[in-house]
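Presented below is the structure to which this report refers.
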Amino acid sequence: MADTLVLIPGLACTARLYEAQISALSGDRNIVVADHAQDDSIPAIAARLLASAPERFALAGLSMGGYIAMEVMRQAPERVQRLALLDTTSRPDTPEATQDRKRLIALAEAGRYEDTFAQMWPRLVHPDRQGDEALQEVVFGMMRETGPEAYIRQQRAIMARADSRPLLPTIEIPTLVLVGENDAITPPEIAREMAEMIEWASLVVIPDSGHLSTLEQPERVSRALKAWLEEG
């Protein structure tokens, strides 16, 4: 069992993304939430994480956090004991996704950062949760806490990320690939592709969940992470 678990949030997310998992998995295990808001490139964010992390640790990241986790595996694979890739992709940005990110960046730069919230929301959660005001307030609260400057840095980092598919066959540690069944941003077929490329990977599909599985189905995700942390 790993003594330290490092969690990496997604775009415009904070530690609140993992609030339920931190509560469920704490105890004898040290849990650290990485700072992914200071740098404008995935390699720089990964380097910052490695500079503050213990010598050996388990690593989990959701969405953008998964991109950073894969970059950590590129920079220092010997330090990672276990890897969890949640609602993410190993593929680079598509031209269409990059154009959409540039559009959202332009809104933030024009002083219309909060206008991006409603535009992102429909793709973030399961269709049945679109009207969940409590969940929406958690998500929008994280976006406000992140702020436009960090949001722009994160979007630019995501757009420039590397194709991590060549990395996956080199990963030789217990790996959890988890995805919401109705994830509209990184759907199950993308997760399945990653799991098939990693020898020691297990795939978990979370029912009744979109992209933000840790918030939408916290107990199911916590159980999957617990099993991953404790497997031999």
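Of the conditions (1) in contact with a strand residue (DSSP E or B) (Cβ under 6 Å, 6 or more places away or on another chain); (2) surrounded by 24 or more Cβ atoms within 10 Å (Cβ to Cβ); (3) over 25 Å from Ser202 (Cα atoms), Ile45 fails just one. Which one is it?
Status for Ile45: all satisfied but (1).
State yes or no: is Ala51 of a type outside the set (Val, Ile, Thr), over 22 Å from Pro166 (Cα atoms) and surrounded by 21 or more Cβ atoms within 10 Å (Cβ to Cβ)? Quick ask: steps written out before the conclusion?
On the way: of a type outside the set (Val, Ile, Thr): yes; over 22 Å from Pro166 (Cα atoms): yes; surrounded by 21 or more Cβ atoms within 10 Å (Cβ to Cβ): no.
So Ala51 does not fit the description; no.
For residues that are in contact (Cβ under 8 Å) with a residue 60 or more places away in the chain, more than 12 Å from the chain's Cα centre (by Cα) and within 25 Å of Ala160 (Cβ to Cβ), tally how many sit in the stretch 19-43.
Count: 6.
Suppose we keep only residues that are β-branched (Val, Ile, Thr) and assigned to a helix (DSSP H, G or I) within the stretch 126-180. Which one would you say is farthest from Ala227 (Cα to Cα)?
Initially, the stretch 126-180 is screened for residues β-branched (Val, Ile, Thr), giving 138-139, 146, 152, 158, 170-171, 173, 175, 177, 179.
Subsequent filtering for residues that are assigned to a helix (DSSP H, G or I) retains 138-139, 146, 152, 158, 170.
Working: Val138: 27, Val139: 27, Thr146: 31, Ile152: 35, Ile158: 30, Thr170: 23 Å.
So the residue we want is Ile152.
Against the definition (touching a strand residue (DSSP E or B) at 6+ places or on another chain (Cβ under 8 Å) and surrounded by 14 or more Cβ atoms within 10 Å (Cβ to Cβ)), how does Leu85 come out, yes or no?
On the way: touching a strand residue (DSSP E or B) at 6+ places or on another chain (Cβ under 8 Å): yes; surrounded by 14 or more Cβ atoms within 10 Å (Cβ to Cβ): yes.
Here the answer is yes, as Leu85 does meet what is asked.
From the list Glu172, Glu189, Glu231, which residue is among the acidic types (Asp, Glu) and either within 14 Å of Leu17 (Cα to Cα) or at pLDDT below 95 (or both)? Write out each step before concluding.
Values: Glu172 fails: either within 14 Å of Leu17 (Cα to Cα) or at pLDDT below 95 (or both); Glu189 fails: either within 14 Å of Leu17 (Cα to Cα) or at pLDDT below 95 (or both).
Criteria check complete, one pass: Glu231.
Looking only at the stretch 61-80, which residues are polar (S, T, N, Q) and not in a helix (DSSP H, G or I)? Spell out the reasoning first.
Going through the stretch 61-80, the residues polar (S, T, N, Q) turn out to be 63, 75.
The one that is polar (S, T, N, Q) and not in a helix (DSSP H, G or I): Ser63.
Residues of the stretch 84-105 being outside any helix (DSSP H, G or I) and among the hydroxyl-bearing types (Ser, Thr, Tyr), which ones?
We begin by selecting, within the stretch 84-105, every residue outside any helix (DSSP H, G or I); these are 84-94.
Within the stretch 84-105, Thr88, Thr89, Ser90, Thr94 meet the criteria.
For the stretch 1-18, name all the residues that are surrounded by fewer than 16 Cβ atoms within 10 Å (Cβ to Cβ) and either farther than 22 Å from Glu137 by Cα or in contact (Cβ under 8 Å) with a residue 40 or more places away in the chain (or both). Before you say what the answer is, go through the steps one by one.
Quick first cut of the stretch 1-18, residues surrounded by fewer than 16 Cβ atoms within 10 Å (Cβ to Cβ) only: 1, 3, 15.
Listed by number, the residues that qualify are Met1, Asp3.
Quick grid of which residues meet (1) crowded, with 18+ Cβ neighbours inside 10 Å; (2) under 16 Å from the mean Cα position of the chain (by Cα); (3) farther than 22 Å from Ile158 by Cα; (4) basic (Lys, Arg):
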| position | (1), (2), (3), (4) |
| --- | --- |
| Ile173 | no, no, yes, no |
| Val177 | yes, yes, no, no |
| Ile185 | yes, yes, no, no |
| Glu196 | no, no, yes, no |
| Trp200 | no, no, yes, no |
| Ile206 | yes, yes, yes, no |
| Leu212 | yes, yes, no, no |
| Glu216 | yes, yes, yes, no |
| Arg223 | no, no, yes, yes |
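Looking at (1) of a type in the set (Asp, Glu); (2) under 19 Å from Asp93 (Cα atoms); (3) part of a helix (DSSP H, G or I), can you tell me which one Asp183 breaks?
Result: Asp183 fails condition (3) only.
The values are calculated or read from the model by the stated rules, or taken from the named source; none is laboratory data. Predicted model, so just to flag it, every value in this text is computed and none were measured. So basically every Cβ, Gly included, is an ideal-geometry build from the backbone, and we count neighbours across all protein chains shown.
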